[in-house]
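First up is the structure itself, then whatever we jot down about it.
The values are calculated or read from the model by the stated rules, or taken from the named source; none is laboratory data. Because the structure is predicted, anything quoted here is derived from the model rather than measured. Counting neighbours? That spans all protein chains shown, and the Cβs are built from the backbone with ideal geometry, glycine included.
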Amino acid sequence: QTVPDPRLVCPPVRVEDDRTGLNIETLKRAFLDNLFYIQGKFPDIATQNDYYMALAYTVRDRLLKRWLKTAQTYTEQGSRTVCYLSAEFLLGPHLGKNLINLGIYDDVQQAMEELGLDLETLLEQEEEPGLGNGGLGRLAACYLDSMATLEIPSIGYGIRYEYGIFEQDIRDGWQIERSDKWLRSGYPWEVPRPEWSVPVKIGGHTEQYTDERGRFRVRWVPHHVVMGVPHDTPLLGYQVNTANTLRLWRAEAAESFDFDAFNSGDYVGAVHEKMVSENISKVLYPNDNISQGKELRLLQQIFFVSCSLQDMIRIMEGQKIPLEKFHEKFVVQMNDTHPAIAVAELMRLLIDDHCMTWDQAWGITTRTFAYTNHTLLPEALERWPIALFKKLLPRHLELIYEINQRFLDDVRIRYPEQPQMLSQMSIIDESGERYVRMAHLACVGSMAINGVAALHTELLKQGVLHDFYEMYPKKFNNKTNGVTPRRFMVLSNPRLSRAITERIGPNWVKHLDELKKLESYVDDPNFRQEFRQIKFDIKQELATYIQQNYGVAINPNSLFDIQAKRIHEYKRQHLNALYIVTLYNRIKANPNIEITPRTFLFGGKAAPGYYTAKLIIKLINAIGDVVNRDPDVRDRLKVLFLKDYSVKFAQRIYPAADLSEQISTAGKEASGTGNMKFAMNGALTIGTLDGANIEIREEVGEENFFLFGMTADEVYARKAQGYNPYDYYQSNSELKLAIDRIASGFFSHGDRKLFQPLLDTLMHRDDYMLFADYQAYIDCQDYVGQVFQDVDRWTRMTILNVARMGKFSSDRAIRDYCEDFWKISPVPIEIEEYSPEAI
Ligand code: BZD
């Protein structure tokens, strides 16, 4: 390496220059400069998108020094680093978050105002990268935010899908999907790094050979090679200089591979192969909690995992750290089993490419990985047919067989008299067609395993991962989820945040436990009044938005009852719908009945191939169409399905809620995180004893939580007894009336067939036990309606909810991971202050 000319090294960046300065005049100048030089526009012909882009570049410029300095510090110090491997990152818009984290939101707002522009409008322009389905992807994004804020060296690794989660439209009450072109107007937040591209082998076969030193080796001769090109996004922490990296891989054809085909004249064939390679990062699979055993999905997994592990090895080589210390340099957290092939891939890299022995490689591997499980649902557990594995990843299959053989030897020693343990715990499922069980691979290859809420971790230990818990009890450790208060309070609810800061100071944003101090204001009439006023104003804004976009008038004084999350039978949006029909029936039977006026709002996407979920959307819309128009209802009920729920839209929804619906069948929702976001914004929860609801209730106090329904144990017991939903239908008159009204075609223009599939499932199977919980839910909802009338009591409950949500900050979760699994401490980043002499 040549030594660079010292004058070329790191030009001194003045804090006050146009690319770094944070004062209003500098911001304005920089903005106009970017509008001219990057967007190529004079202000008078610029579009709102041009303005957004100019502002985004202005803000990005201000991240760069922190970003590069962060990378440089980690390199110089050889810092131990968390690599968070996730097939999904649901980031949400960057601009607002970066303004908050840089501490320049208000100044930029003023700068824009002085230029005649409205910051809110510009923020609206940003198209969010929808690179995730729901909770799992959003959790990854919250964790990256907390790691940056806590100054923890980390890299997020994932896939740069060209098409993220589809856009949802509603036509005639049905969901229709449109492809999401999030890159269409340019994406200013990323920097491609083609110089760090890596090859990924696919298919082919393996060969044995003896190397020059007489060692027995295996060589993988792939069918073809795909290149992964990293695209980096800086993620700045809150009020720190740390800006960590999210590195997403885009698939590209390898040049060498096209070469032969080009030369032999098969131009079209060569281009076709190029297309096939690029398909790998083309589209996000739109299923949440369902595993689709598709070839392309397995390709996506090996693709981003192999790229990421090779990248880690490159980083170690750059820092001159010997590969034997891989597990000291990195801890690799696997977000569910989607990256679990990493266990075999790291073994392959260490043994085949870096000549390590099995024992050495296995020692490193099992000290490197940790595995987070996000679901108990059997349909979500990933298993890949052996034939598919062999076709795409022949070398990995050999390695997995070897890992399994050695593992089963341990099992045999541990359980000498129990041969069934071998088939139960094997990484290979041999009960019928043979499969690779990815959760088993993850458990065997990891030093730590966690569920995402206390109940979930317990159920994992008792159920799906019971055998692994018996064998390795010390690996298991619960990590209850958390969410970032920067996005879900400061950014999405600035008024509430200001009111809080005025009372208890600003530290709560980084130390959410400090919200406790609000408890002393629970009887303060000023605070109570302000708290109510804020909620009312936000509800009114949402009402205006709904009037403008849906043409439906809603009453901001009504109880805003919101269920916003993916549509899934286990989440039971249709139980909510049954309550609405029940209320409607009561009104029809007695038009003068007293009921608390309510606005029922729903949001969420259904997987495109999940018919029942789509039918639930149709049902909600069908009920809304009738109820919203019926003069007997007299505006006491409104029902709306808000389309295209996204992170951006969620930020508007959480602050507007009075009631948060968290009504999954107990034992089915691993944690939930929406439950936390609603409660932090002063909504009360109606919920079952499921996932993190249990812990939320513990924190806020049972008197401040609307609990109903069976416990997980009761659910299992009832199933074991032989559950017959039809008995409930016959013996509960309100339930029967609700079901019969839907069945009669009342909500479907007389069509009695439309909802029959849904009703049949409920009456004869009811896997998620809506009927068993129906009466408890109705009673609880009626009680909510009463309590809402008692304004003082309600206000008190909501303030206490906010004050007691400290535990659910993702900062707490990340601290727990750091202490228990990762053994990493903060690395502060110093930025030299501006000093004129230095220039
Ligand atoms: O993960 C969710 C769980 O359902 C929630 O209970 C939990 O709070 C969050 C975060 O831990 N799981 C998912 O979101 N899962 C998926 O999106 C998914 C996607 C692809 C394949 C399988 C599952």
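Details
- Check on G463, surrounded by fewer than 18 Cβ atoms within 10 Å (Cβ to Cβ) and among the small types (G, A, S): yes
- Members of region 656-681 that are over 10 Å from K571 (Cα atoms), assigned to a loop (DSSP other than H, G, I, E, B), away from the ligand (no atom under 11 Å from the Cβ) and of a type in the set (S, T, N, Q): N681
- Members of region 164-180 found to be without any contact (Cβ under 8 Å) to a residue 40 or more places away in the chain and within 15 Å of the ligand (Cβ to nearest atom), listed by number: none
- Within region 166-183, the residues that satisfy the criterion of being within 27 Å of L123 (Cα to Cα) and part of a loop (DSSP other than H, G, I, E, B) are F166, S179, D180, K181, W182, L183.
- Matching residues in region 559-591 - criterion: being more than 15 Å from Y610 (Cβ to Cβ) and within 16 Å of the ligand (Cβ to nearest atom): Q563, A564
- Strands (runs of 3 or more DSSP E) within region 184-243 that include 1 or more residues within 31 Å of the chain's Cα centre (by Cα) and buried (at least 17 other Cβ atoms within 10 Å of the Cβ): 198-202, 224-236
- Looking only at region 314-342, and only at residues there that are touching a strand residue (DSSP E or B) at 6+ places or on another chain (Cβ under 6 Å) and over 16 Å from R297 (Cα atoms), the one that is farthest from the ligand (Cβ to nearest atom): F330
- Number of the condition not met by L99 [criteria: (1) more than 16 Å from the ligand (Cβ to nearest atom); (2) in contact (Cβ under 8 Å) with a residue 60 or more places away in the chain; (3) among the aliphatic types (A, V, I, L, M)]: (2)
- Selection count, region 85-103, where residues are within 18 Å of N34 (Cβ to Cβ) and surrounded by fewer than 20 Cβ atoms within 10 Å (Cβ to Cβ): 1
- Qualifying positions in region 635-655 - within 16 Å of the ligand (Cβ to nearest atom), farther than 24 Å from T688 by Cα and in a helix (DSSP H, G or I): V647
- Lone unmet requirement of (1) at pLDDT below 95; (2) in a helix (DSSP H, G or I) for R586: (1)
- Per-region count, region 115-163, residues among the charged types (D, E, K, R) and within 13 Å of the ligand (Cβ to nearest atom): 1
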